[in-house]
Amino acid sequence: MTSPQDARTALAAASAAARAARRADVRTFARRRAWLVLALAGVLTALLAVAGSGTAGRLASGGYTATGTESARAGDLLADRFGAGNPDLVLLVRAPGGVDTAQARAEGVRLTRELLGSSGVASVHSYWTDGAQDPALRAKDGRAALVAVDLTGADRDAARTAAALVPPLTGDHGVLDVSATGPAWVSVEANHVSHRDLIRAELVAAPVTLLILVIALRSLVAALVPLVIGGVSVVGTFALLRLLTCLMPVSVFATNLTSALGFGLAVDYGLFLVTRYREELARGGFVGPAVRRTARRAGRTVAVSACAVALSMSALLVLPLPFLRSMACAGIAVALLAAAAATLLVPPVLTLLGDRIDRWDPLSLLPRWRAAGPPRADSPAWHTVARVVMRRPLYYGGGCALVLVMFATPFAHAHFGLCDERVLPARTEAHRTAQAIRDEFATSTERILTVVLPDADPARDAAALRSYRQGVEGLTSVGRTAWMRSPAGSSFARGAVLSVAGSEDPQSEAGQQLVHRLRSLPGPGGSQLVTGRAAALADTREAVRERLPLAAFIAAATTWALLLLLTGSVLLPVKALVVGALSLGASFGAMVCVFQDGHLREALGAFTVTGTLEMSMPLLMFAIAFGLAIDYEIFLLSRVKEHYALTGDNRRAVVEGVARTGRLVTTGALAVAVVTGALVTSGVSMLKLLGAGLATAVLVDAVLVRGVLVPACLVLAGRLNWWAPQWLARGHARISRRLGLDEGH
């Protein structure tokens, strides 16, 4: 007969076996679901790779000047009434014996006719057909001449035409030697250069990033997870760009910029999830619960961080530069894609790996690393740094802020301009040819300003037009002037166009002053419009200056609201905005020193110093770097808030937050710095600038700002960090409960 004790023992054993069976069933179901998710993700990634394969051929140049300005309206009038405008393609034709010999003239006329008969060509302005009316098409020594070609369609169409047209036209043609430049050919060569640079950057960034992750995580398996997520994000990025090209013009440099951003963010987010999962496992939890807690808490922080980057990029949408608008759309999509890839794919990968996430530590082969044992969840080094800062927060915080201000001072003399063929390597044909035109011709096309008088009547206002031309020629910095002829067959009936050759660089202050003087001179007929490179720069500067406060307000307001939602504090978001702006000042100062003033030029690979910064690059860099700075701020504040909620001790919470996120933020910043810094190897100076600026920004932010300045500010503020009016605190509590933000991060 069975005793009660035996019965209870048997019942307990049966119950334990049932629980074990249920856990086994749950694990089996979870693993099957994980395999299904990853299989579907693999199929989707393959489809995205196919969708994004033709992206490079759909990209365009341009978009760096403001739309809707006076110079833009003048350009439209020139195209509509005169069929003229800035040429898409400029051919430099050399004839060693002189361009006026019979043989050179015959070859020049043949070349002009061949161009006129080519598909995609709208008009041709050649020395051998228009030289009598425009002697500026002839070089000063008479051994070279120009052929200016207008192509049909938008920038992307013009680039395709140039890609097909230029190769057979350039080179030796009898006694002539032909080379090409112009916006369309610059676009083609920029596409080729940026494609090569992208491959080289990926070959550099991927192995270095893997090495950084292996050293930080002490496991090859764990290091591969963020790297794979980064690869998936890059594939998705190309597909997103392909989609965007159907909606708007997208820059040829977008593939380099967005793939670097997408890869860096995906690695960052994957690293954060893997780190949190290992921490949950180290607490003695099972794989399933650890994965769920990681997905719920760390996944929520990743989502908030991606929103911070997206909101920062959205500020660019209000600026009137098509290049920045396309980059804003691409950046928003890429940030959200990186977060989606990390939060959807990392949990099933962790489910399948289980506790094998810590396997294959290559550093264990070294005696020193083997003796150190597995890495701790917190960083002893950053724990020490935090405790040191706690002792004298005003001293360390003030010193750090002073250093950042000193690094930012060079930005006070920043001078902004527009990009041209000089962003390409000096060896490229477009760059060499344009420089030769500057050196050998009396007037280059970039120095010409065009005055459109839409209401003037050439017959009725002949005397007024002569007087107007004399007044223009009397202005400082004006060289040759000429009236533009209406092309044969044109329906032009009213209006006049005066071509004004300036003697100064269009991006210099003297060149800008000439634009203002021309616009202030009353024109016949009651209205006038001025266009040209100098006018486009003046209008773009003014348009950006008008919209910049709105863009700054959008970035600040949305970031403040997001951090308020995350922390429930009024002060912390304000502190984050001030510190973020201060942090970026250092990288902006470095950008001016290197790329405007030319210091350390050889160390970064020779590039052409123009004395200006391309106007859109600082704006784009600010949006990306500010988003990344807030990204790291969220990682730190989420941990500080979590520990403060548990202990109520502000100083201890700050120390624990820095110790728990110091290694994570530093590793993530190093990974992003490697990925974006790889752009420094590019031959395109714009990509060099952005890569160097972003790498500097994230490293300064991760080390000085998150390690010293932010902890010092948090300690000095004390309990004020978490203050909010009661009505706001009650509202935040309700929203947090609904969104699950009060469960920890």
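Things worth noting here:
- Condition check for Leu582: outside the structural domain of Ala629 (by TED's automatic domain parsing) and farther than 30 Å from Ala733 by Cβ: no
- The residues listed here are Val665, Val708, Val698, Val672; of these, the one that is part of a helix (DSSP H, G or I) and farther than 21 Å from Gly230 by Cα is Val708.
Residue-by-condition table, conditions (1) touching a helix residue (DSSP H, G or I) at 6+ places or on another chain (Cβ under 6 Å); (2) buried (at least 20 other Cβ atoms within 10 Å of the Cβ); (3) part of a loop (DSSP other than H, G, I, E, B):
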site	(1), (2), (3)
Leu394	no, no, no
Gly398	no, no, no
Val403	no, no, no
Ala408	yes, yes, no
Phe411	yes, yes, no
Ala426	no, no, yes
Thr433	no, yes, no
Ala436	no, no, no
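Each row is one residue, and each column tells you yes or no for (1) in a helix (DSSP H, G or I); (2) among the aliphatic types (A, V, I, L, M); (3) in contact with a strand residue (DSSP E or B) (Cβ under 7 Å, 6 or more places away or on another chain); (4) over 19 Å from Val684 (Cβ atoms).
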{"residue": "Arg156", "(1), (2), (3), (4)": "yes, no, yes, no"}
{"residue": "Ala159", "(1), (2), (3), (4)": "yes, yes, yes, no"}
{"residue": "Ala164", "(1), (2), (3), (4)": "yes, yes, no, yes"}
{"residue": "Val178", "(1), (2), (3), (4)": "no, yes, yes, yes"}
{"residue": "Asn191", "(1), (2), (3), (4)": "yes, no, no, no"}
{"residue": "Ser194", "(1), (2), (3), (4)": "yes, no, no, no"}
{"residue": "Ile199", "(1), (2), (3), (4)": "yes, yes, no, no"}
{"residue": "Ala205", "(1), (2), (3), (4)": "yes, yes, no, no"}
{"residue": "Val208", "(1), (2), (3), (4)": "yes, yes, no, yes"}
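Per-residue answers, yes or no, for (1) under 30 Å from Arg325 (Cβ atoms); (2) at pLDDT below 85:
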| position | (1), (2) |
| --- | --- |
| Met484 | no, yes |
| Arg519 | yes, no |
| Ser527 | yes, yes |
| Ala551 | yes, no |
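- Being part of a loop (DSSP other than H, G, I, E, B) and over 30 Å from Gly417 (Cα atoms) holds for only one residue in Gly62, Gly97, Gly108, and it is Gly97.
- When the helices (runs of 4 or more DSSP H) confined to the range 232-339 are screened for residues that are crowded, with 24+ Cβ neighbours inside 10 Å and among the small types (Gly, Ala, Ser), those reaching at least 3 such residues are found at 254-282, 299-314.
- Leading residue by the ranking (surrounded by the most Cβ atoms within 10 Å (Cβ to Cβ)) among those in the range 559-588 that are over 30 Å from Lys688 (Cα atoms) and of a type in the set (Val, Ile, Thr): Thr567
- Per-region count, the range 85-114, residues of a type in the set (A, V, I, L, M, F, W, C), farther than 22 Å from His431 by Cα and buried (at least 18 other Cβ atoms within 10 Å of the Cβ): 3
- Scanning the range 605-635 for residues that are over 24 Å from Val309 (Cα atoms) and either more than 19 Å from the chain's Cα centre (by Cα) or acidic (Asp, Glu) (or both) yields Gly605, Ala606, Phe607, Thr608, Val609, Thr610, Gly611.
- Within the range 248-298, tally of residues that are polar (S, T, N, Q) and more than 30 Å from Leu198 (Cβ to Cβ): 1
- Conditions (1) crowded, with 19+ Cβ neighbours inside 10 Å; (2) not assigned by TED's automatic domain parsing to the domain that holds Leu704; number of the one not met by Arg517: (1)
- Restricting the first member to the range 507-526 and to residues that are part of a helix (DSSP H, G or I), and the second to residues that are acidic (Asp, Glu) and at pLDDT below 90, the beta-carbon pairs closer than 6 Å and six or more apart or on different chains are Ala510/Glu504; Gly511/Glu504; Gly511/Asp505.
- Among the conditions (1) among the β-branched types (Val, Ile, Thr); (2) in contact with a Ser or Thr (Cβ under 9 Å, 6 or more places away or on another chain); (3) surrounded by fewer than 24 Cβ atoms within 10 Å (Cβ to Cβ), Thr647 misses just one, which is (2).
- Long-range neighbours under 9 Å by Cβ, at least six apart or interchain, first residue within 12 Å of Val715 (Cα to Cα) within the range 642-656, second hydroxyl-bearing (Ser, Thr, Tyr) and part of a helix (DSSP H, G or I): Asn650/Tyr644; Arg652/Tyr644; Ala653/Tyr644; Ala653/Thr647; Val654/Tyr644
The values are calculated or read from the model by the stated rules, or taken from the named source; none is laboratory data. These numbers come from a predicted model, not from an experiment. Here the Cβ is made from the backbone with ideal geometry for all residues, glycine too, and neighbour counts use every protein chain on show.
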